[in-house]
Structures are given as structure tokens and as C-alpha cells.
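Undergrad: One structure is given below, represented as C-alpha cells, and several questions about it will come after.
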Amino acid sequence: GPTDGLLAPPAVDDVMWPLCFISDRLFKVPEDGGGDGPGAPLPPDGRIPLARRSYFIDVPHVQQAFTWDCGLACVLMVLRTLGLDCCHGIAELEKLCRTTSVWTVDLAYLLHKFSVNFSFFTVTIGANPQYSAETFYREQLQEDIDRVDELFGKALDAGISIQIHQCV
């Protein structure tokens, strides 16, 4: 089947999977004696074929409250999917961010605050000044640039690894 028995769908729609269960299933591929299935040996280059890296996990939906809080809704969905009952809603995450102009680096700090292990890849270190053309950012872009650049600057000391990814 589509999950090859690694992650069966939960019996109840609202069941949350513990992180240890998910990580055990993602990183311990059972040996099945060969072929192209989940237990097949890795190719010589060590790259895992896409079919063996793809998994489906039910994520509880969180509705945005405003036009600007999509990132906060996503963070809350991640926290709930991981079974972390550390936050009761988007409003609580907003208070932690202390801004309604939420940038990706703000989301990285939120995930880090809740001890979520993640990778942060970006094409721009700091706020991208090209966003000045966007209506959403126009009014407070200079404040955002200063704040966001400071967050990027302090990220490594805060324990947040940020990696540059060049678009191809």
C-alpha cells in the first residue's frame, strides 16, 4: 500500500502520534530481503529514493484568524502534530512573537522555544528589502528589517542553525 505498513492511518481522526513513534517509523526501515521496498539496500551513491522518503502524517488543521497569521497557524499545526500541548492557540503564539508582522525567522524562534528539531533554509539572510514593493510589508518594512536582521544575527547563539540555499 501507499505506506508499506510503516505508518498506518490512525483509527480515530483526532489521534495524535507521539514523536518517538513517528521517528521510529521514519528512521528504522525494516529489512525485507531485497527488492525496491522499504528494506531494500541503498544505492551506491547513498541517496534514498523519493518513494522510500515519503510518508504521510495526519496534521490537525488550524484556521487562521487574520490575513497575517498564516505562519503562526502552521507552527500551531506542527506543535499539535507532534503532540506538544504547550500552546492553546494562535493568540498565545502571537504574544510570544510580539509582532503581527511575522517573518520566517520568527517562526524558527517559536519552534526552537518549543524544542522542535527543524532545519531552516533561506535564500536571504535577514529581511529581503525587495519586499518594499509588497503592500503587506510597506508600512513597517524598515522596522521589520532592523528586527529581522537582529534575529538572524542572534540565531546561532540562540541555538538556531540557518542555512543559505541557492535557487537553481
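The values are calculated or read from the model by the stated rules, or taken from the named source; none is laboratory data. Being a predicted model, the structure only gives us computed values, none of them experimental. Ideal geometry is used to build each Cβ from the backbone, glycine not excepted, and the neighbour counts take in all protein chains shown. For accessibility, only protein heavy atoms count, side chains too; no ligands or nucleic acids. Shrake-Rupley method; radii C 1.70, N 1.55, O 1.52, S 1.80 Å.
Undergrad: If amide hydrogens are placed 1.01 Å from N in the peptide plane, which non-local residues have theirs closer than 5 Å to the one on residue 120?
TA: 163
Undergrad: Count neighbours as other Cβ atoms within 10 Å of each site's Cβ, and list the trypsin sites (Lys or Arg not before Pro) in the stretch 61-156 that are DSSP loop with at most 10 such neighbours.
TA: Numbers: sites: 80, 95, 98, 113, 138, 147, 154; in loops: 98.
Answer by residue number: 98.
Undergrad: Which FRET efficiency, nearest 0.05, do residue 74 and residue 122 yield, Cβ-Cβ r, R0 22 Å? Display every interim value, and only then the final one.
TA: On the way: r = 16 Å, r/R0 = 0.72.
It comes to 0.90.
Undergrad: Something else about it: Would you kindly give the portion of the calculated P(r) for the stretch 61-130 that falls above 16 Å, as a percent of all Cα pairs? Please report the intermediate quantities before stating the final value.
TA: Values: 1096 of 2415 pairs.
For the stretch 61-130, the share of Cα pairs beyond 16 Å comes to 45 percent.
Undergrad: Among the GluC sites (Glu not before Pro) within the stretch 91-168, which fall in a DSSP loop and have no more than 10 other Cβ atoms within 10 Å of their own Cβ? Walk me through the numbers on the way to the answer.
TA: Working: sites: 92, 94, 134, 139, 143, 150; in loops: 134, 139.
Within the stretch 91-168, the qualifying GluC sites (Glu not before Pro) (loop, at most 10 other Cβ atoms within 10 Å) are 134, 139.
Undergrad: Hey, another quick one. Carbon-plus-sulfur fraction of the accessible area of the stretch 69-164, 1.4 Å probe, in percent?
TA: On the way: 2860 of 5610 Å².
Heavy-atom surface of the stretch 69-164 belonging to carbon and sulfur, 1.4 Å probe: 51 percent.
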